[in-house]
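Presented below is the structure to which this report refers.
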Amino acid sequence: MAAKTLTIDGKQVSADESVTILDAATDAGIKIPTLCHLDGVYDVGACRLCLVEVAGISKLLPACTTKVSEGMDIKTDSERLRKYRRMTLELLFAERNHVCAVCVDNGHCELQALAYSQGMDHVRYDYCFPKWEVDNTHTLFGMDHNRCILCTRCVRVCWHIEGAGTKNVSGRGGKARIITDLNQPWGTADTCTKCGKCVMACPTGALFNKGSTVGEMERDRTKLEFIVTAREKKQWIAD
Amino acid sequence: MAQRIIIDPVTRIEGHAKISIFMDDAGNVSDAEFHVVEFRGFEKFCEGRPYSEMPGITPRICGICPVSHLLAAAKAGDAIMAVSIPPAADKLRRLMNLGQLIQSHALSFFHLSAPDFLLGWDTPQAKRNVFGLIASNADLARAGIRLRQFGQEVIQVLGGQKIHPAWAVPGGVRSALTEEGRARIRAWLPEAYATTKTAFDLWKKVLDSHKKEVEIFGNFPSLFMGLVEPDGTWEHHGGKLRFTDSSGSIIADQLDPQKYYEYIGESVQTSSYLKSPYYSPLGFPDGMYRVGPLARLNVAEQMGTPKADVEFKKFKKLGRGRSAVTSSFLYHYARLIEILTSIERVEAYMDDAELLSEDLRADAGINSLRGVGVSEAPRGTLFHDYTVDRDGLLRKVNLIVATGQNNLAMNQTVAQIARHYVRGNTIPEPMLNRVEHGIRCYDPCLSCSTHAIGQMPLHVQLIAPDGTVLHEVARG
């Protein structure tokens with residue numbers, strides 16, 4: 001394993017060649033906004049919030065899926081990046097029906113927190129107001145497609161931490177949506193172990209404990225990372 | 001020539017409305033209609049949502065009485081779960097409702113209505129408002145504003161915020177009263193009592209000098225409806241429904257509020273987004289009934305708290321013996337008595353250790369596919385009726401709100417006042433101000449009743465039988 005030397009926001013950083021720009025920046029104490037990234041599962045670069053500028057490359061690169069290389073000169077914050085991040089957030093808000101004031105995740109939502117931190121004070125695009133349903137068939141959990149941003153965190157924890165493979169993505173573009181088993185009501189999905197990892201992973205109010213009311217969904221996502229680390233390092237007792 | 005007068009928009013009410021006054025061929029007022037001209041569609045767009053979200057969604061109907069919707073939605077949720085909520089949760093909900101009654105009634109009396117009867121009907125509109133009141137009697141205006149603040153504090157102490165607290169939930173409430181919160185509420189009580197006393201003193205003078213208003217501002221026979229305890233004591237959050245008539249006789253008692261649809265019908269008129277509920281055994285429109293402070297005091301036999309009961313007896317005397325108090329101008333008086341009993345009840349709760357309990361929330365699945373939640377909102381009885389599927393998703397929502405139930409009475413009030421003042425084919429200025437106040441007696445909340453949004457301007461039209469608009473006055 002070779003170490004690479006690079007510059008992030010003017011700061012000299014040394015990182016192993018196997019890590020991503022996001023990991024290297026996090027280790028160096030530099031925060032890059034993320035949404036689909038979740039500690040403990042692999043990255044897919046779906047949300048485009050972590051885009052960074054790399055000197056010599058004209059297009060923006062996602063920090064979560066781009067490996068570090070020798071001599072990289074990276075900017076994680078610029079007017080151009082802020083503009084793109086705001087635009088991405090606005091598009092996410094316009095795409096489905098996000099009504100923070102009455103959402104179970106109000107005050108704990110990563111999408112909402114990012115909108116605040118990135119200065120998204122309004123949405124310039126027409127809202128799509130799609131008609132999505134709520135799947136409340138499961139005994140413990142509900143899934144509200146109106147609030148889903150298709151980050152696929154739930155799919156990844158279901159397949160790669162729990163190993164159940166219940167959740168998946170069906171359809172393309174505006175019709176893409178999270179499904180359970182063979183596109184059937186969640187309550188009838190035999191593979192679901194009711195572990196709740198998907199609910200824990202969800203960055204918005206799309207997955208929730210049934211019966212939750214406004215702002216009641218608080219999640220401890222560090223548990224997911226702990227499960228993976230504990231499994232790999234055989235540490236079965238939390239600190 | 002016959003004509004129609006339209007007042008559009010109507011001011012200092014919570015919402016946007018228009019008034020039409022119909023004239024007959026002899027040039028006399030034949031009828032009047034209070035139209036609510038905006039529409040929001042809460043009942044429709046809530047379909048498909050989990051019922052547990054309704055205490056979060058429905059308070060957004062209104063910024064004045066979000067607590068009423070919160071509590072009715074939570075109660076409807078209790079019914080769907082088919083649970084008895086923990087006793088502490090019931091008391092805490094009641095405490096919040098009392099805070100709501102105080103703050104909303106203080107707003108109605110001091111901010112919205114007092115400028116009319118304290119500054120005088122014919123004071124120019126630019127001065128006949130809360131700012132004019134501040135200019136003429138700063139101490140009174142400040143005390144009124146602070147009384148409202150007290151009610152808001154009760155709500156904030158319990159729910160964490162004054163407006164739209166997401167605190168009551170199906171099965172109970174999310175948090176108890178704290179020692180610190182109890183101390184905060186207690187500290188307000190002496191001032192709240194003092195302001196209420198000032199308001200009563202003031203009201204006595206108003207009553208002496210406004211005998212004509214008592215006679216003509218919505219003084220007509222009707223039914224009255226409100227919640228009462230089993231012994232007929234005034235209720236605001238539990239109990240059963242009672243109907244009385246204008247002679248003061250009980251015509252139906254201890255009706256199960258969950259089965260309101262067995263005795264309340266809703267009539268739809270094409271001229272307004274506001275539906276007109278009626279007592280169905282008497283049919284439409286004979287089953288017209290009034291709700292709110294006047295009705296609650298008419299159906300009750302006592303207030304159940306000592307200070308308020310003293311005033312209650314004086315109030316009942318205005319009904320001359322056994323008959324009900326039928327003038328809508330006396331809604332203001334009833335509102336003050338309800339503020340007083342609410343303060344007394346808040347004070348009593350301050351000594352109740354159960355309000356600090358940790359047993360606050362019952363848990364259950366879907367045990368009933370229909371649930372009705374009923375609570376007395378400041379303006380009258382509020383019904384939330386939800387039908388859900390097996391998964392708890394709403395399939396049908398029906399909200400019956402106080403202002404809707406007072407719709408027919410408001411029409412009659414406008415007609416009665418107009419009959420007194422309209423002569424010929426023009427809208428006289430004195431009538432405009434008084435018709436507005438006639439509506440204001442009911443403290444209507446149009447955003448609640450149609451689940452509508454809007455400003456509060458005034459538009460009156462005078463309309464002939466052939467539909468011609470003969471005279472029109474608008475101000476905004």
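The values are calculated or read from the model by the stated rules, or taken from the named source; none is laboratory data. Computed from a predicted model, the values in this text were never measured in an experiment. Cβ coordinates were reconstructed from backbone atoms using ideal geometry, including for glycine residues, and neighbour counts include every protein chain displayed.
Summary of computed values
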quantity	calculated
Region B:378-392 - residue that is in a strand (DSSP E or B) and either under 18 Å from residue B:42 (Cα atoms) or within 14 Å of another protein chain (Cβ to nearest Cβ) (or both) and, of those, nearest to the chain's Cα centre (by Cα)	B:382
Exclusive hit being in a helix (DSSP H, G or I) and away from every other protein chain (no Cβ under 14 Å), set A:161, A:179, A:149	A:161
Which listed residue is in contact with a Phe, Trp or Tyr (Cβ under 7 Å, 6 or more places away or on another chain), touching a residue at least 40 places away in the same chain (Cβ under 8 Å), of a type in the set (A, V, I, L, M, F, W, C) and over 22 Å from residue B:349 (Cα atoms), from B:143, B:76	B:76
Residue in region B:74-84 that is nearest to the other protein chains (Cβ to nearest Cβ), counting only those that are crowded, with 24+ Cβ neighbours inside 10 Å, touching a Gly at 6+ places or on another chain (Cβ under 6 Å) and of a type in the set (A, V, I, L, M)	B:80
Residue in region B:354-373 that is without any contact (Cβ under 8 Å) to a residue 60 or more places away in the chain, of a type outside the set (D, E, K, R) and either surrounded by 15 or more Cβ atoms within 10 Å (Cβ to Cβ) or under 19 Å from residue B:157 (Cα atoms) (or both) present	no
Helices (runs of 4 or more DSSP H) completely within region B:104-198 that count 2 or more residues being among the small types (Gly, Ala, Ser) and more than 20 Å from the chain's Cα centre (by Cα)	B:130-136, B:138-159
In region B:347-368, residue farthest from residue B:182 (Cα to Cα) [restricted to those that are outside any helix (DSSP H, G or I) and away from chain A (no Cβ under 14 Å)]	B:368
Test: residue in region B:320-339 that is over 19 Å from residue B:99 (Cα atoms), of a type in the set (Lys, Arg), in contact with a strand residue (DSSP E or B) (Cβ under 8 Å, 6 or more places away or on another chain) and surrounded by fewer than 22 Cβ atoms within 10 Å (Cβ to Cβ)	no
One residue from A:188, A:180 being in contact (Cβ under 8 Å) with a residue 40 or more places away in the chain, outside the structural domain of residue A:47 (by TED's automatic domain parsing), more than 30 Å from residue B:164 (Cα to Cα) and buried (at least 16 other Cβ atoms within 10 Å of the Cβ)	A:180
Within region A:2-22, considering residues that are among the charged types (D, E, K, R) and in contact with a strand residue (DSSP E or B) (Cβ under 7 Å, 6 or more places away or on another chain), the one surrounded by the most Cβ atoms within 10 Å (Cβ to Cβ)	A:4
Total residues in region B:39-71, condition of a type outside the set (Gly, Ala, Ser), within 12 Å of another protein chain (Cβ to nearest Cβ) and not in a helix (DSSP H, G or I)	4
Residue B:126 being among the aliphatic types (A, V, I, L, M), surrounded by fewer than 24 Cβ atoms within 10 Å (Cβ to Cβ) and in contact with a strand residue (DSSP E or B) (Cβ under 8 Å, 6 or more places away or on another chain)	no
Helices (runs of 4 or more DSSP H) wholly inside region A:1-119 that include at least 3 residues being farther than 27 Å from residue A:218 by Cβ and hydroxyl-bearing (Ser, Thr, Tyr)	none
Residues of region B:305-360 that turn out to be of a type in the set (Ser, Thr, Tyr), closer than 18 Å to residue B:194 by Cβ and touching an Asp or Glu at 6+ places or on another chain (Cβ under 9 Å), as a count	2
Single unsatisfied condition, residue A:168 versus (1) within 12 Å of chain B (Cβ to nearest Cβ); (2) outside any helix (DSSP H, G or I); (3) in contact with a Phe, Trp or Tyr (Cβ under 9 Å, 6 or more places away or on another chain)	(1)
Filter pass, residue B:339 being closer than 25 Å to residue B:58 by Cα, assigned to a helix (DSSP H, G or I) and at pLDDT 95 or above	yes
Residue check for residue B:283: within 20 Å of the chain's Cα centre (by Cα) and at pLDDT below 95	no
Of all residues making up region B:281-336, the number that are of a type in the set (Gly, Ala, Ser) and in a helix (DSSP H, G or I)	4
Subset of region B:394-420 (residues that are over 10 Å from residue B:217 (Cα atoms) and of a type in the set (S, T, N, Q))	B:398, B:403, B:405, B:406, B:407, B:411
Residues being under 18 Å from residue B:137 (Cβ atoms) and crowded, with 18+ Cβ neighbours inside 10 Å - total across region B:168-199	3
Lone qualifier among A:199, A:228 - being part of a helix (DSSP H, G or I), crowded, with 20+ Cβ neighbours inside 10 Å and more than 14 Å from chain B (Cβ to nearest Cβ)	A:199
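To keep it simple, each residue is scored yes or no on (1) among the charged types (D, E, K, R); (2) assigned to a loop (DSSP other than H, G, I, E, B); (3) touching a residue at least 40 places away in the same chain (Cβ under 8 Å); (4) surrounded by fewer than 21 Cβ atoms within 10 Å (Cβ to Cβ).
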| residue | (1), (2), (3), (4) |
| --- | --- |
| A:132 | no, yes, yes, yes |
| A:142 | no, no, yes, no |
| A:157 | no, no, yes, no |
| A:205 | no, yes, yes, no |
| A:211 | no, yes, no, no |
| A:218 | yes, yes, yes, yes |
